[in-house]
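Novice: This is the structure I have questions about; it appears just below.
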Amino acid sequence: MRINYNSQNGIISLFVLFITLILLVFVIAIYYSVRAEAKLQARKELEYQEIYSKNYEEISNVDYATETEIIPIYNIDELNIAGTNSYIQIKNKIYQCGREKSYILKDNIIVDINEKIKTKSVDFNDYKLYSSTYLLDKASYDLYYYIDNRYWKLVSYKKYEDGNYEIKNKAYTEKEFTILDDLVFNQSGSYDFYAVWTDENNEFINEYYDTQKINSSKISNLNIYESIKDELGSKGEFYIFISIGETI
């Protein structure tokens with residue numbers, strides 16, 4: 001029996017080549033996987049550096065919160081980050097502020113209305129204090145606004161379009177917010193209201209003050225709401241505040 005060594009050698013060569021190709025593909029896959037992981041880690045480190053410090057050594061000893069830690073909120077910037085899944089450093093700890101996390105107000109938050117509205121930094125997030133989708137404890141503290149030497153609570157706002165200014169009496173969303181049904185009014189007393197509205201580009205348009213007695217928590221019974229509707233454009237935002245006095 002004659003053995004064809006050339007044919008046998010060819011089969012062996014093809015087998016070796018096939019195994020080599022498999023190993024090469026495996027090595028390349030591992031290489032790119034490790035490279036992608038390194039890039040991801042580098043991007044995270046760069047993000048931390050850019051957000052929290054110009055010098056990475058300044059944050060190298062900062063602790064990272066566990067998944068179950070309650071996230072403290074001390075100011076409006078931290079409240080704005082809540083629920084966005086972004087990272088933020090509070091005190092000496094870094095938290096990832098996911099929607100499913102628990103938060104707690106650790107101090108009263110005071111926001112200057114002139115600075116917020118007239119510089120176009122609108123982004124009101126009062127709804128986070130009331131919406132059930134945000135686990136935010138505000139038992140001891142609250143969010144207030146300041147203008148005209150007085151403190152105010154935001155009771156209603158709407159980001160509207162197509163001339164639709166209608167708003168519910170109880171709504172806790174990013175585009176529509178009303179807490180009138182959560183408030184208790186003294187029907188024998190008068191209350192000061194303040195309204196401000198912007199155009200679709202968040203440019204300040206006008207403001208309006210009004211004082212009235214409240215006999216119903218319906219927003220349609222607020223004189224200030226009825227007064228500003230004629231001034232609103234087809235698209236924009238309006239905000240209505242109630243005065244709580246010169247002190248909190």
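The values are calculated or read from the model by the stated rules, or taken from the named source; none is laboratory data. Owing to the predicted nature of the structure, the values given are computational and were not obtained by experimental measurement. Note that we place each Cβ from the backbone using ideal geometry, even for glycine, and neighbour counts take in every protein chain shown. The accessibility values were calculated without ligands, DNA or RNA, using every heavy atom of the protein model including side chains. Shrake-Rupley method; radii C 1.70, N 1.55, O 1.52, S 1.80 Å.
Novice: Counting heavy atoms of the protein chains only and a 1.4 Å probe, report the per residue accessible area for region 141-248 as a whole number of Å².
Specialist: 50
Novice: What nm value, rounded to one decimal, do you get for the distance between Ser234 and Lys170 when each label is placed 7 Å out toward the C-beta?
Specialist: Those two pseudo-labels are separated by 3.5 nm.
Novice: Mind listing P(r) for region 56-205? All alpha-carbon pairs, 10 Å bins, whole percents.
Specialist: 10, 34, 34, 17, 5, 1, 0
Novice: State the Cα centre-to-centre distance between region 65-100 and region 127-149 in whole Å.
Specialist: 16
Novice: Then there's this: Going by a ≥ b ≥ c, the root eigenvalues of the Cα gyration tensor, does region 119-248 fall in the rounded group (a/c under 1.5), the prolate group (a/b larger than b/c) or the oblate group?
Specialist: rounded
Novice: With label points built 7 Å along Cα→Cβ from the Cα atoms of Val184 and Lys93, find their separation and express it in nm.
Specialist: Once both label points are built, they end up 3.5 nm from each other.
Novice: Ordering Val111, Val184, Val27 by accessible area with a probe of 1.4 Å, largest first, what comes out?
Specialist: Val184, Val27, Val111
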